[in-house]
Amino acid sequence: MKDVPMKRYTSMRVGGTAGMLLYPADSADLRAMVSRLTDSGIPYRFLGNGTNIIVSDDGIRDALIRTTKMSRLHFTKTKDGAVAEVGGGFSLKRFIRECARRGLGGLEKLYWIPGSVGGGIRMNAGSFGQTISDTLAGIDILNERGEIIEKQTEPGNFGYRESIVRRSECVINGRFRLKNADRDQLQKDMDYVYQERRLRHPMEYPSAGSVFKGVDGQPAWWFVEKAGLRGYRIGDACVSDKHTNFIVNMGHAKALDVAALIKKIKDEVLSKLGVALEEEVELWGFNG
Ligand SMILES: Cc1cc2nc3c(=O)[nH]c(=O)nc-3n(C[C@H](O)[C@H](O)[C@H](O)COP(=O)(O)OP(=O)(O)OC[C@H]3O[C@@H](n4cnc5c(N)ncnc54)[C@H](O)[C@@H]3O)c2cc1C
């Protein structure tokens, strides 16, 4: 697909077009695609579910390699649980449900994070005190030289929303070491997480999740709130009333509005509170 409207492929529902959208079926296909693009001098990026990205109104000329078809899932029993091998494009939410169905715990607090497993590993996604790297034991990646490499991982390799996966690398598979757990308890934990999210997050509007990273253990919403920006609006981009670290699209927001609101928040928080907020969301195509 060419000139693909990114509004359709990102949860923020804003942005211009991307040069091309490609769906590799498996790792061999992915490798061939990357090699063809490299030979043709076409820049490329990897896209999962597009839930942590804001694309500019001018769009990007890069080809996007969307991983959602790379979604195999396989469980191998161990003494006290199982190792799950899961494709980078698998829905994280669905993966967690599959684990719970088998009575396997370790990821349940990440339930309802709307991304893919690969996007989650790249972002070291986390919620309710759990991060994806806590149970991650290994990954297969395609690197910029076109090599498929297996890496062992440990939680210590990852930071707050930071991972060992570089922008030029694609997560093909993740291997998770999961422990046997009580099915009913897992379901209760997942129900709790879902209810809390519904209560605390503006799930009724398009967004890209938390816009800023926390600072020294203090959540970012606190600074936005203190700076008096709850409900602040530029065009149809608005600081959510429900959770001030979310910018929501009230209908027809432009990427320009979202970017202006991000700048406004950073400026106000810096001038009023002396704190420099850093984006957790990725901004694509805003620098020329
Ligand atoms: C309503 C809402 C709630 C959210 N709540 C949370 C939360 O509680 N905790 C949290 O951490 N995040 C949260 N997020 C943010 C987002 O869901 C996570 O960052 C998620 O892990 C991103 O996955 P994705 O597949 O959508 O990645 P994308 O947005 O598609 O991509 C994000 C980054 O990952 C890269 N990427 C994607 N797939 C791969 C791959 N296979 N290999 C290598 N790189 C890849 C992309 O190039 C990009 O750099 C929320 C978002 C929304 C909209």
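Being closer than 21 Å to Ala276 by Cβ and more than 24 Å from the chain's Cα centre (by Cα) is the filter here, so list the residues in region 231-246 that pass it.
Residues satisfying the conditions are Tyr232, Ile234.
For region 82-99, how many residues meet the condition of being under 12 Å from the mean Cα position of the chain (by Cα) and either outside the structural domain of Val171 (by TED's automatic domain parsing) or among the acidic types (Asp, Glu) (or both)?
The number of residues fulfilling the criteria is 0.
What are the residues in region 63-99 that are part of a strand (DSSP E or B), touching a residue at least 60 places away in the same chain (Cβ under 8 Å) and within 12 Å of the ligand (Cβ to nearest atom), if any?
Leu64, Ile65, Val86, Gly87
Report those strands (runs of 3 or more DSSP E) wholly inside region 151-265 carrying at least 2 residues which are touching a helix residue (DSSP H, G or I) at 6+ places or on another chain (Cβ under 6 Å) and within 14 Å of the ligand (Cβ to nearest atom).
170-180
State which residue pairs qualify: first residue more than 23 Å from Ser71 (Cβ to Cβ) and inside region 43-59, second residue part of a strand (DSSP E or B) and near the ligand (Cβ under 6 Å from one of its atoms) in any location, beta carbons under 6 Å apart, and separation of 6 or more residues or different chains.
The qualifying pairs are Ile54/Ala208.
Return yes or no: is Arg198 free of Cβ contacts under 8 Å to residues at least 60 places away in the same chain, within 28 Å of Ile65 (Cβ to Cβ) and not small (Gly, Ala, Ser)?
No.
Just checking, does region 30-46 include any residue being within 23 Å of Thr153 (Cα to Cα), surrounded by 17 or more Cβ atoms within 10 Å (Cβ to Cβ), more than 10 Å from the ligand (Cβ to nearest atom) and not assigned by TED's automatic domain parsing to the domain that holds Ile121?
Yes, because at least one residue in region 30-46 is within 23 Å of Thr153 (Cα to Cα), surrounded by 17 or more Cβ atoms within 10 Å (Cβ to Cβ), more than 10 Å from the ligand (Cβ to nearest atom) and not assigned by TED's automatic domain parsing to the domain that holds Ile121.
Being over 24 Å from Ala25 (Cα atoms), more than 10 Å from the ligand (Cβ to nearest atom) and surrounded by 21 or more Cβ atoms within 10 Å (Cβ to Cβ), is that true of even one residue in region 109-132?
no
The values are calculated or read from the model by the stated rules, or taken from the named source; none is laboratory data. The structure presented is a predicted model; accordingly, all values stated were derived computationally and were not measured. Virtual Cβ from ideal backbone geometry, glycine too; neighbours counted across all protein chains shown.
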